[in-house]
Amino acid sequence: MLKSRRERTSEPASPPPAAEPPVRTVTRKDLPLSCPMPDAEVWNMHPRVYLPIEDDPNHEATCPYCGARYRLSDE
């Protein structure tokens, strides 16, 4: 019986790398920052979580539920 190409290799097939979500720029008027944001189209996609973006040294935050990334702008 012939083995398929996958069976002949010793390495398992790995999934393609996931694309990182784009960084959404927010301003001080958006504070306190929550995800999902109030203007999100699917506002009920996961429980609202508040992200302490102003406490981060780089002023960045990532949502632990959906992976959305935010960066605080001084503008």
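Output wanted: per-residue J couplings in Hz (rounded whole) for the stretch 22-39, from phi through Karplus 6.51 cos²θ - 1.76 cosθ + 1.60, θ = phi - 60°, x for Gly and Pro.
Per residue, the Karplus-derived 3J(HN,Hα) values read x, 7, 9, 7, 10, 10, 4, 5, 8, 7, x, 7, 10, 10, x, 6, x, 8 Hz.
Please give the residues of the stretch 48-75, grouped as numeric ranges, whose backbone N is less than 12 Å from a label point set 7 Å along the Cα-to-Cβ vector of S34.
Only 48-51 fall inside the zone, counting backbone N under 12 Å.
Spelling out what I want: for every residue of the stretch 53-68, take phi, set θ = phi - 60°, compute 6.51 cos²θ - 1.76 cosθ + 1.60 (Karplus), and round to whole Hz; glycine and proline get x.
5, 6, 8, 6, x, 9, 6, 10, 8, 10, 6, x, 8, 10, x, 4
Calculate the FRET efficiency for A13 and Y65 from the Cβ-Cβ distance with a Förster distance of 22 Å, rounded to the nearest 0.05.
The value I calculate is 0.20.
Amide H to amide H under 5 Å from S34: which residues, 5+ apart in sequence or cross-chain, H placed 1.01 Å off N in plane?
Those qualifying (amide H under 5 Å, at least 5 residues apart or on another chain) are L51.
Hey, can you grab everything whose amide H is under 5 Å from the amide H of A68? Only 5+ residues off in sequence or another chain; H modelled, so Pro and N-termini drop out.
C63
Bear in mind these aren't lab numbers, they're just calculated from the coordinates by the rules spelled out. Quick caveat: nothing in here was measured; it's all calculated off a predicted structure. Don't worry about glycine lacking a Cβ; one is built from the backbone with ideal geometry, like all the others, and counts go over all protein chains shown.
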